[in-house]
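Enquirer: Shown below is the structure under consideration.
Where a number appears in this text, it was derived from the coordinates with a stated rule and is not lab data. What you see is a predicted model; the values in this text were computed from it and never measured. All Cβ positions, glycine included, derive from the backbone under ideal geometry; neighbour counts span all protein chains shown.
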Amino acid sequence: MDIRGAVDAAVPTNIIAAKAAEVRANKVNWQSYLQGQMISAEDCEFIKKFEIARSEDKQAVLTKEGHQCAKTFLNLMAHISKEQTVQYILTLIDDTLQVKTQNGFRKLHGTGAEPGTGTISPSESSQYVQCVAGCLQLMLRVNEYRFAWVEADGVNCITAVLSNKCGFQLQYQMIFCVWLLAFSPQLCEQLRRYNVVPALSDILQESVKEKVTRIILAAFRNLLEKSAERETRQEYALAMIQCKVLKQLENLDQQKYDDEDITDDIKFLLERLGESVQDLSSFDEYSSELKSGRLEWSPVHKSEKFWRENAVRLNEKNYELLKILTRLLEVSDDPQVIAVAAHDVGEYVRHYPRGKRVIEQLGGKQLVMNHMHHEDQLVRYNALLAVQKLMVHNWEYLGKQLQSTEQSTPAVAARS
């Protein structure tokens, strides 16, 4: 898919464009905001100077004071909630993004300011969000801006929108932004920190819009194709396999498409993921599942051989996987995820006795103990077993005790 043509075609025409002239005509009394101590003197002075500048003068201002411009806009959005003023600021931002400059908005999302809530009505809010998303699509055409966006933790904004059951148009725009980010090999490395693949695979499974399917496949392809490091490509491939993308691709491959890009991307992804499946080890499978945050009772968790051979590997990369495991115990609200995580902590210390101290240092022992009174019976059961494994010194003796416990709670044991 060609990046420039795709971006130009992707920015939506909506109600904001039709109202732009009307919004611009309603000038804002910035002095009153200053007197009310809602904005700073610095921001007041800049915005008054900027809004009266002619187009060619605006470009000069952006070149010279791009950071201040971005800072002022974000400060205004953070402290002003009046609908008419919010509309005016958004329109001014949209106009500014059209100015051809290399320096103007490189810090738009790097100043650390938080956006205000505003008082936009529900009927209009989606249009405004789509407008902002359109601005982001334009901005991320520039490689420099992509880095600024990721540095400002903008990817979390994208995944938050996607996880909020937004409409298909906004889904398309947000995934389009992921696709743009993945054109930069260095950013592909950084995107590993975010659960991008699970978010996109969920939407792919439910999508009924061809353009949404197309942009997801294109984003997946970029993640696999643009990543410079083999380890990164493999991690993305394993994440896609873990999220059942391979099965979805096989279903999509049975359909006919007018768009050749879709067919090419499906073929590419099927080949790459097929190759990864051949190289997939049980530890790769476990690692990918854990990083996805979607633990389930897959066979690897209950495999004595797996834990005997791989428990010590959870210590690799400064205990990366153990930290994820304890984090899930702390933040997950899914009983199945908590139960599996508690079980895995127990199996880790059972097969790697020195791991008890590691788990305690990571706060895992207390987290497991907290779940001994969980409302879900399966969580309580696995938390209890994990605590016993953390406390015991003679596993053979405990094994006999657990056997009698399991016999007295057959329903629970069967569920696990």
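Enquirer: Among 209, 165, what is the fewest-to-most ranking by other Cβ atoms within 10 Å?
Expert: The most exposed by this proxy come first: 165, 209.
Enquirer: Nearest 0.05, what FRET efficiency do residue 313 and residue 264 give at R0 = 30 Å with Cβ-Cβ as r?
Expert: Step by step, r from the Cβ atoms, then E = 0.20.
Enquirer: Efficiency by 1/(1 + (r/R0)^6): what FRET value for residue 144 and residue 373, r their Cβ-Cβ distance, R0 = 45 Å, to the nearest 0.05?
Expert: 0.30
Enquirer: Sort 226, 302 by Cβ crowding within 10 Å, fewest neighbours at the top.
Expert: 302, 226
Enquirer: Separate question: Residue separation times 0.36 nm, minus the C-alpha to C-alpha distance between residue 202 and residue 84: what's the value?
Expert: 38.8 nm
Enquirer: 7 Å from Cα along Cα→Cβ at both residue 257 and residue 275: what's the point-to-point distance in nm?
Expert: 2.0 nm
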